[in-house]
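Here the structure is laid out as structure tokens; the discussion comes afterwards.
The values are calculated or read from the model by the stated rules, or taken from the named source; none is laboratory data. Predicted model, so just to flag it, every value in this text is computed and none were measured. With ideal geometry, Cβ positions are generated from the backbone for all residues, glycine too; neighbour counts draw on all protein chains shown. Calculation scope for accessible area: heavy atoms of the full protein, side chains included, ligands and nucleic acids excluded. Shrake-Rupley method; radii C 1.70, N 1.55, O 1.52, S 1.80 Å.
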Amino acid sequence: MLFKLAFRNTLRQKRRTIFTMLTMFGGFTLASISIGWSDGSYSRIINMFTRNRLGHIQIHAQEYLDKPSLYKAIDDYEAIGQKVQSVPGVLTWTPRFLAAGLASLENKTSAVQIIGIDPVRENEATYFNKKIIKGRPFSPQPAHEAILGKGLAEVLHAQVGDEIIIVSQGADGSIANDLFRVVGIAASGNQMADRTAFYLHLSEAQQLFVLEGKIHEIAIIVNKLSHVEKITRKIKTILDNNALDVQPWQEFAKSFYQAMKADVEGMWVMLLVILLIVAVGVLNTVLMAILERTREYGVLKALGTRPQHIFWQIVLEINIIALASIVLGAGLSLIINHILSIHGIHLPTSFTYGGIEFKSLYSAITPRSLYIPAITVILSATVVSFFPALRAARISPAKAMRIH
Amino acid sequence: MVETKNSEPLIRVEGLRKTYTDDGVPVEALRGIDLIIYPGEFTAIVGPSGSGKTTFLNIISGLDRPTEGKIWIKGRLLEEMSDKELSDFRRDNLGFIFQAYNLIPVLTVEENVEYIMLLQRIPREERKRRVRQILKEVGLEGFEKRRPPQLSGGQQQRVAVARAMVSNPSLILADEPTANLDSETGGGLLDMMRELNKKTGMTFIFSTHDENVMRRARRLIILKDGRVAEDKQIG
Ligand SMILES: Nc1ncnc2c1ncn2[C@@H]1O[C@H](COP(=O)(O)OP(=O)(O)OP(=O)(O)O)[C@@H](O)[C@H]1O
Ligand SMILES: [Mg+2]
């Protein structure tokens, strides 16, 4: 009967109920789409940052990231890689040799970050070959080839086919210098990194610096962004090696992660605004309904209905409306989020985030994009109807019935 | 005659006063009332507008609290009961009929009558049986599925009578039950109530302005300025 009364009361002032539903429905849909959108955009941005470049998880020699040094190198990386590969959820891994040097072409000289890569693994992990905008990828076998970051090529006025001299210091203190032929120019998406990036074949980089068989970084790609932390823990356990730092992207790209977090917090502010709009709509409805039905509640109380019954009847009534709005809202949001996740939105002007350029963004259908708005709508409906319902429940029947 | 001065009083009122203060100026609605009502009475409270009829009925039924004085119903002192106890007490012992019918518009005739038995947790079969029986008694067979707004005033008030009586309360209180009805319909309603009173022994207390209604009462309590001006048995 409680439910029957509550339900039929929702049908009483149809226009008002529809208005309330529209508010809740609109609030839900907006919130759901914006969460789906931000989840989609952020996972895309994070993926661009990690999947396509840095990797989701990185392994370094202890404290390498705090103070990078040629000597903080990883031995026997193949064995480590095999162990990493055995962890469920790991898609692939790729080794990197990192060192600083000077590159010269004719009268131009520039400081460079030498990045020795395994061409096959690197392409598998971060789609390296897709980043090559001019020239070609590395040959399978080392052949004194180099690929330059786009910015670096501009600084040095380098073209495909040019020969560049690299000068640095080897691990044994000797002068390291050699000649490499430019076979390609790559745009990683990060313009700052591209101004210094000088890619070499892994084994040639190792030879140059007299560090055969050693590397500085292992980048790991996992199957799902949300599993990164769990997989990081598993890798740590399986490696069981204190001399290695195993870090998820949230740690090795801390400033990026924090910028991201701040942006996501902006989403909560928007949710709060939506919540407020819903709350005002609900409050209006509840107050009007209770005002109109004061007499009726007085009668119900006179007949012996307990106050808490009246209270629950009102809260239930609002929540029936909320539930119906959520069901409708979920339907619409799923459709919109689905469309936006496939077609995305092409941005009128591309923007750069963390040095990466974005031209269009996509939504994602996440459980969050449904249950967070649902909880907020239910919660705001309940909270807002709480005090009016309490007042109606406490109404003195004698007074209520004097109102004509 | 069911009423006898020898039986236990149903209601005892002593030194009842009620002063309304919520509108700023204190209004003395009741200024000292002492009364005894016995089981089975069919009593009218009459008096000019503002004499305190509604106030009196509200207080003896626990819908409002007195400023001063004591009220016992079925031997229980009302002031000792919490709001929740009063609510349960009303549910189990009192029936109400109001001037403006006050049926729940979203419930059908049947459901309106059934409502109080739901509060009492009476089993479904029993509820259905009683609803059918009482609607027959008030002459509303065939109207079970209608909603109150689809009924005439007289019909609505008969639903209200059915609702008040269906739980077999000891006392039925009716504040101007006929005020919204024409004289003939009102008289008919009163005759019906009197019949039920005779048949079941349920006590009725009702307030009225209407001569036509007063005539049908067995006892007349006349209020004037919040005091009992006259209290007489009829017939
Ligand atoms: N809640 C209230 N606040 C203030 N004054 C009230 C309140 N209820 C009743 N009164 C006053 O108390 C007095 C008695 O009112 P009551 O309603 O009991 O009279 P009544 O005999 O039922 O009148 P009527 O025949 O018009 O229904 C009146 O003067 C009325 O204005
Ligand atoms: Mg009155």
Please verify whether B:ILE221 is in contact (Cβ under 8 Å) with a residue 24 or more places away in the chain and open to solvent by less than 10 Å² (accessible area, probe 1.4 Å), treating the condition exactly as stated. yes
Give the residues of the range B:198-212 that are surrounded by 20 or more Cβ atoms within 10 Å (Cβ to Cβ) and either away from ligand 2 (no atom under 16 Å from the Cβ) or within 14 Å of chain A (Cβ to nearest Cβ) (or both), sorted by residue number. B:MET202, B:THR203, B:PHE204, B:SER207
Looking at B:LEU63, B:LEU78, B:LEU86, can you tell me which residue is in contact with a helix residue (DSSP H, G or I) (Cβ under 8 Å, 6 or more places away or on another chain) and within 16 Å of ligand 2 (Cβ to nearest atom)? B:LEU63
Considering (1) touching a residue at least 40 places away in the same chain (Cβ under 8 Å); (2) in a loop (DSSP other than H, G, I, E, B); (3) more than 18 Å from B:GLY95 (Cβ to Cβ); (4) away from ligand 1 (no atom under 11 Å from the Cβ), say which one B:GLY40 fails and leave the rest. (3)
Looking at (1) over 22 Å from B:GLY226 (Cα atoms); (2) of a type in the set (A, V, I, L, M, F, W, C); (3) not in a loop (DSSP other than H, G, I, E, B), can you tell me which one B:TRP72 breaks? (1)
Cβ pairs under 6 Å, 6+ apart, first in the range A:207-224 and closer than 17 Å to A:PRO142 by Cα and of a type in the set (A, V, I, L, M), second open to solvent by 40 Å² or more (accessible area, probe 1.4 Å) and part of a strand (DSSP E or B): A:LEU208/A:ASP178
Only one of (1) more than 14 Å from every other protein chain (Cβ to nearest Cβ); (2) within 16 Å of ligand 2 (Cβ to nearest atom) does not apply to B:GLY188, and that is (2)
Which of (1) within 16 Å of ligand 1 (Cβ to nearest atom); (2) buried (at least 18 other Cβ atoms within 10 Å of the Cβ) does B:ARG31 not meet, given it meets every other one? (2)
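Residue by residue, here is whether (1) crowded, with 18+ Cβ neighbours inside 10 Å; (2) out of contact with any helix residue (DSSP H, G or I) (no Cβ under 7 Å at 6 or more places or on another chain); (3) within 14 Å of chain B (Cβ to nearest Cβ); (4) assigned to a helix (DSSP H, G or I) holds:
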| site | (1), (2), (3), (4) |
| --- | --- |
| A:ALA259 | no, yes, no, yes |
| A:GLY281 | yes, no, no, yes |
| A:LEU287 | no, no, no, yes |
| A:GLU292 | no, yes, yes, yes |
| A:PHE311 | yes, no, yes, yes |
| A:ILE318 | yes, no, no, yes |
Could you say which residue among B:LEU57, B:LEU63 is among the aliphatic types (A, V, I, L, M), facing another protein chain (nearest Cβ under 8 Å) and surrounded by 21 or more Cβ atoms within 10 Å (Cβ to Cβ)? B:LEU63
Residues of the range B:182-197 satisfying the condition of being crowded, with 23+ Cβ neighbours inside 10 Å and not hydrophobic (A, V, I, L, M, F, W, C): B:GLY186
Apart from one, (1) out of contact with any strand residue (DSSP E or B) (no Cβ under 8 Å at 6 or more places or on another chain); (2) within 16 Å of ligand 2 (Cβ to nearest atom) all hold for B:ILE33; the odd one out is (1)
Candidate set from the range A:1-60 (those that are away from chain B (no Cβ under 14 Å) and of a type in the set (Lys, Arg)); member that is surrounded by the fewest Cβ atoms within 10 Å (Cβ to Cβ): A:ARG15
Does A:ALA374 satisfy being within 16 Å of ligand 1 (Cβ to nearest atom), buried (at least 16 other Cβ atoms within 10 Å of the Cβ) and touching a residue at least 60 places away in the same chain (Cβ under 8 Å)? no
All positions within the range B:168-181 that are away from ligand 1 (no atom under 13 Å from the Cβ) and either open to solvent by less than 10 Å² (accessible area, probe 1.4 Å) or without any contact (Cβ under 8 Å) to a residue 12 or more places away in the chain (or both): B:PRO169, B:LEU171, B:ILE172
Just to verify a result, which residue in the range B:100-118, among those that are crowded, with 20+ Cβ neighbours inside 10 Å and facing another protein chain (nearest Cβ under 9 Å), is nearest to ligand 1 (Cβ to nearest atom)? B:ASN102
